[in-house]
Amino acid sequence: MKKELVSVKNLYYPPGGILLWIVIFLELFTFGMALVAMVYYSKDEPEVFHNSRLLLNTTFGAVNTVFLLTSGFFMAKSVESFKENNIKKTANFLRWTLLGGLLFLVLKSVEYYFKIENGFTMNFNTFFSFYWMLTLFHVIHVIVGLVILISVYFGIKKPIVTTSIEDFEASAAFWHMCDLIWLLLFPVIYLIF
Amino acid sequence: MNKDLFLIIWVLLILLTITTALVSGSALSTTQAAILILGLSIVKFLCVSFYFMELKNAHVFWKASILFYVLLFFIITISL
């Protein structure tokens, strides 16, 4: 394992690296602006937004939040173990992280299936246009995050581990970014209208 | 770092998630419920960024930036 000795107190080296944090802020602003637009449009059609929100399954949304938060917890534990040079524990926590992400995708697919079957597609109304755009865009991020984590997992399973702490932290930061985005999507889409 | 800190934060996050879901179905007015739900969600957002992402150990610029972003989001969303 390659050890990096850069302090995270340094302005240019936040945990995960400055480039990834620029990406994280760009993503947060993109999703944030879309959510603000959704709230803005809800003022024109408050009843449509309220009735459409009631068509969503809040339990699915809450359980998916639990899946992502639990996955994030194991990711944080995995980074901690990697810093302690405990590869066995790191790989174990990473497997739990991946499972959390996969469960999120499975439940989201079930939710999408019921929505499509009942005709609540993107063209149904303004609320569902936002619902599909925002949640699908987020799902794409989760899939990309899973691909990155699978690649990291196989990287650390090699006999000689060449993955650096910075690379590992950057992958973790991307995964946590999916949590952060969902923590904004869930209350706005599923709860407040 | 305290070995149990991540676990404590995770338990807090799960409790806050359950609370937000319950507030949504409560008898509170739409505005009151929205403020409470968004407020609790912002606490969750900060817990993930400061503890799971270890931003609490980072330079003050990054801490201030994430705090500024999330407060700006809260104020704009509530004021609309």
Task: Filtered residues of region B:51-64 (kept if in a helix (DSSP H, G or I) and either under 22 Å from A:Gly32 (Cα atoms) or facing chain A (nearest Cβ under 7 Å) (or both)) - done: B:Tyr51, B:Phe52, B:Leu55, B:Asn57, B:Phe61, B:Trp62, B:Lys63, B:Ala64
Open item on the list: Please count how many residues of region A:51-66 are in contact (Cβ under 8 Å) with a residue 40 or more places away in the chain and either farther than 16 Å from A:Trp182 by Cα or among the basic types (Lys, Arg) (or both).
Closed with: 3
Open item on the list: Residues to consider are A:Ile140, A:Ile181; find the one that is within 14 Å of chain B (Cβ to nearest Cβ), at pLDDT 95 or above, outside any loop (DSSP other than H, G, I, E, B) and within 27 Å of A:Tyr40 (Cβ to Cβ).
Closed with: A:Ile181
- [ ] Please specify each residue of region A:148-170 satisfying the condition of being among the small types (Gly, Ala, Ser) and within 12 Å of chain B (Cβ to nearest Cβ).
- [x] A:Ala170
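Is it fair to say B:Lys44 is within 15 Å of the chain's Cα centre (by Cα), more than 8 Å from chain A (Cβ to nearest Cβ), at negative phi and in a helix (DSSP H, G or I)?
Numbers: within 15 Å of the chain's Cα centre (by Cα): yes; more than 8 Å from chain A (Cβ to nearest Cβ): no; at negative phi: yes; in a helix (DSSP H, G or I): yes.
The answer is no for B:Lys44.
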- [ ] Would you mind finding the one in B:Leu7, B:Leu67 that is more than 9 Å from every other protein chain (Cβ to nearest Cβ) and either in a helix (DSSP H, G or I) or under 21 Å from A:Met38 (Cα atoms) (or both)?
- [x] B:Leu67
Task: Residues satisfying the stated conditions in region A:14-32, i.e. aromatic (Phe, Trp, Tyr) and facing chain B (nearest Cβ under 9 Å) - done: A:Trp21, A:Phe25, A:Phe29
Task: Hits in region B:18-34 - residues which are more than 9 Å from every other protein chain (Cβ to nearest Cβ) and at pLDDT 90 or above - done: B:Thr19
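Look through region B:22-39, keep the residues that are under 16 Å from B:Phe74 (Cα atoms) and among the aliphatic types (A, V, I, L, M), and return whichever of them is nearest to the chain's Cα centre (by Cα). Steps first, answer last, please.
Initially, region B:22-39 is screened for residues under 16 Å from B:Phe74 (Cα atoms), giving B:30-39.
Now restrict to residues that are among the aliphatic types (A, V, I, L, M): B:33-38.
Working: B:Ala33: 15, B:Ala34: 14, B:Ile35: 12, B:Leu36: 11, B:Ile37: 10, B:Leu38: 8 Å.
Taking the candidates together, the pick is B:Leu38.
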Task: Counted residues, region B:12-30 - those being surrounded by 18 or more Cβ atoms within 10 Å (Cβ to Cβ) and touching a Phe, Trp or Tyr at 6+ places or on another chain (Cβ under 9 Å) - done: 5
TODO: Filter region A:67-101 for residues that are more than 9 Å from every other protein chain (Cβ to nearest Cβ), assigned to a helix (DSSP H, G or I), in contact (Cβ under 8 Å) with a residue 40 or more places away in the chain and of a type outside the set (Gly, Ala, Ser) and give the result.
DONE: A:Phe67, A:Leu68, A:Phe82, A:Lys83, A:Ile87, A:Thr90, A:Leu94, A:Arg95, A:Thr97, A:Leu98
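The values are calculated or read from the model by the stated rules, or taken from the named source; none is laboratory data. Just so it is clear, the model here is predicted, and its values are computed rather than measured. Reconstructed Cβ throughout: ideal geometry from the backbone, glycine too, with neighbour counts over all protein chains shown.
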